Structure formats: C-alpha cells, structure tokens
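Report on one structure; see the data block that follows.
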Amino acid sequence: MSTPTSIEGRLLRNATLLLTVDETTFLVDPMLASPGENPPVPNSPNDRRNPLVPLPEDELSYDAVLVTHRHQDHFDEAAKEELDADVPLFCQPEDADAFREEGFTDVRPVDDEVSFRGITIHRTPGRHGHGQLAEEMGPVSGFVFEGEETLYLAGDTVWYDAVERTLAQFDPDVVVLNGGEAQFTEGRPITMGVEDVAAVREATDAAVAVAVVHMEAINHCLLSREDLRSNTENVHVPEDGERLAF
C-alpha cells in the first residue's frame with residue numbers, strides 16, 4: 001500500500017494549478033480567460049487566439065494565489081477581474097508593484113523565503129529561454145513549498161545549472177515542470193522540451209514524482225503531450241482538469 005502524501009494537485013489548464021500542501025491550497029498562475037479571449041503570442045508559428053482550450057467548470061476554492069511571473073499565459077485580465085482584491089498573493093519582487101497598482105491589497109513578494117500557514121515558500125531561479133532571448137523575456141521565478149513534504153514548482157524555465165542546484169539543495173518529493181517547448185519563429189525554445197524534462201528526471205531519484213504541465217493550451221507551445229509521453233519515462237503528463245498523480 002502506498003503512503004499518503006501531504007501534497008495534492010490538480011491541473012486546470014496550461015500552468016494554472018491548484019496545489020495543496022499540508023491542507024493549504026494555492027491557485028498558481030491563474031489564466032482565467034475564455035477560449036480565444038486573449039490574442040496569440042506574437043512572432044509564433046501560428047496565429048491561434050489564446051487560450052486554446054476551456055477551463056474546467058468547477059468552482060475554484062483556494063487559500064492563496066501564487067504568480068510565478070506576469071506573462072499573459074500566467075496572469076491575465078480575467079484573473080485580475082475575478083480574484084478577490086484581498087487574497088494573499090505571492091509573487092517575485094519585480095512584480096509586486098504592478099499587483100498593488102491593480103488593487104491587490106495583500107501582495108507578498110518572496111525575495112528569498114516567506115512562511116504561510118506553517119509552509120515555507122522559497123523563491124528559486126529560472127531562465128526563460130536561452131541567451132539574449134532569455135534576457136528579453138524578463139525575470140521569472142520558480143518556487144519551493146516546504147511542509148511535511150517538499151514540492152518544487154520550476155516555473156517557465158529551461159534546464160540549466162540553477163535548476164540542477166535547486167533539485168540538489170531541496171531534494172523535493174514532487175517536481176512540477178512547465179513543458180510545451182514554447183518557441184517563437186526564431187530562436188530556441190523558452191520552456192522545457194523532451195531533453196529538458198529528461199534531464200530533470202535523470203537528476204532526481206526514481207521515487208520523486210515529476211509532472212509536466214503548460215501543454216497544449218497556448219499557441220506557441222508546440223510540443224504535444226503524446227510526444228512528451230512517448231519520449232520520456234516515469235514522467236506524469238496530466239490532461240486538463242486531471243488530478244496530479246503524486
């Protein structure tokens with residue numbers, strides 16, 4: 001019989017997740033628009049309007065919000081309108097002023113680490129692409145949740161030495177990666193593809209649960225779930241609305 005975990009999750013769509021750590025639920029990267037409500041990501045191989053797919057129709061229940069960065073596929077106008085102004089909102093320091101200007105009254109930037117309901121939240125590095133393009137994409141962050149067990153939410157990053165160091169430092173029980181191999185018409189991908197995910201899997205113990213989200217919901221995410229599943233091992237690639245198998 002498997003041991004119950006203190007971490008639970010559900011993928012809603014793209015990088016929008018409900019993550020429960022020690023009975024506290026975080027709404028991560030809320031993109032709440034209806035299909036086609038947002039414009040396509042520019043300079044992409046297609047011009048399909050975003051999001052490509054709907055959200056599950058269930059009512060959202062959560063204790064706090066965490067936004068890894070403010071790109072539209074992680075926090076959109078619909079989220080700004082629908083979230084309560086006084087919800088505890090965790091973010092990277094670079095984004096705090098923008099949230100306050102939008103009327104959020106309980107913004108909690110994570111410089112290094114903060115505590116919330118007995119959970120320690122650490123901010124970790126990310127690199128949104130390669131070379132100069134990564135610089136142009138602006139700052140992004142990952143986050144580690146430490147409770148009875150530890151979850152590493154990598155955010156929009158490719159595999160590089162800081163991700164490897166984060167895995168070694170925190171030795172997480174659960175890792176959630178943003179896949180999709182998002183890319184523009186020029187340059188290398190800006191989120192994880194097959195090789196990135198395989199590198200994370202190789203750098204973790206086989207008992208660590210690795211789940212990949214950020215798939216098949218935005219026009220510049222070109223890697224399909226089927227291709228990722230076919231080319232990796234011991235990696236969970238959930239469907240929209242699916243509960244994450246930790």
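The values are calculated or read from the model by the stated rules, or taken from the named source; none is laboratory data. Fair warning: this is a prediction, and the values are worked out from it, not measured in the lab. Please note: Cβ atoms are built from the backbone with ideal geometry, for glycine as well, and neighbour counts cover all protein chains shown. With ligands, DNA and RNA removed, areas are computed over all heavy atoms of the protein, side chains included. Shrake-Rupley method; radii C 1.70, N 1.55, O 1.52, S 1.80 Å.
Here are the numbers for the structure shown:
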{"item": "Local electrostatic count, GLU113, Cβ distance below 15 Å [Lys/Arg +1, Asp/Glu -1]", "result": "0"}
{"item": "Electrostatic dipole magnitude of the chain [Cβ: Lys, Arg +1; Asp, Glu -1; Cα centre; debye, to 20]", "result": "440"}
{"item": "The chain: most fluctuating residue of THR16, THR105, THR25 per GNM, C-alpha cutoff 10 Å", "result": "THR105"}
{"item": "Accessible surface of the range 177-239, 1.4 Å probe, proportion on carbon and sulfur as whole %", "result": "40"}
{"item": "√(5λ) per eigenvalue of the Cα gyration tensor, the range 149-246, largest first, Å", "result": "21, 16, 11"}
{"item": "Å² of accessible area per residue within the chain, as computed with a 1.4 Å probe and no ligands counted", "result": "45"}
{"item": "The range 114-209, relative contact order in percent, only Cα pairs under 8 angstrom and at least six apart counted", "result": "25"}
{"item": "CD proxy at 222 nm, helix term only [per DSSP H run n ≥ 4: -39500 (n - 2.57); per residue of the chain; nearest 500]", "result": "-4500 deg cm²/dmol"}
{"item": "Semi-axis lengths, Å, the range 1-117, gyration tensor of Cα atoms, sqrt of 5 times eigenvalues", "result": "24, 20, 13"}
{"item": "Prolate/oblate/rounded call for the chain, Cα gyration tensor, a/c under 1.5 rounded", "result": "rounded"}
{"item": "Sulfur and carbon atoms: percent of accessible area, the range 81-125 [1.4 Å]", "result": "38"}
{"item": "Given charges at beta-carbon only (K, R positive; D, E negative), |dipole| of the range 1-110 in Debye", "result": "460"}
{"item": "Average Cα contact separation per residue, the range 177-227, under 8 Å, 6 or more apart, as relative contact order %", "result": "48"}
{"item": "Charge tally in the Cβ shell below 10 Å around ARG123, where Lys, Arg are +1 and Asp, Glu are -1, ARG123 excluded", "result": "-3"}
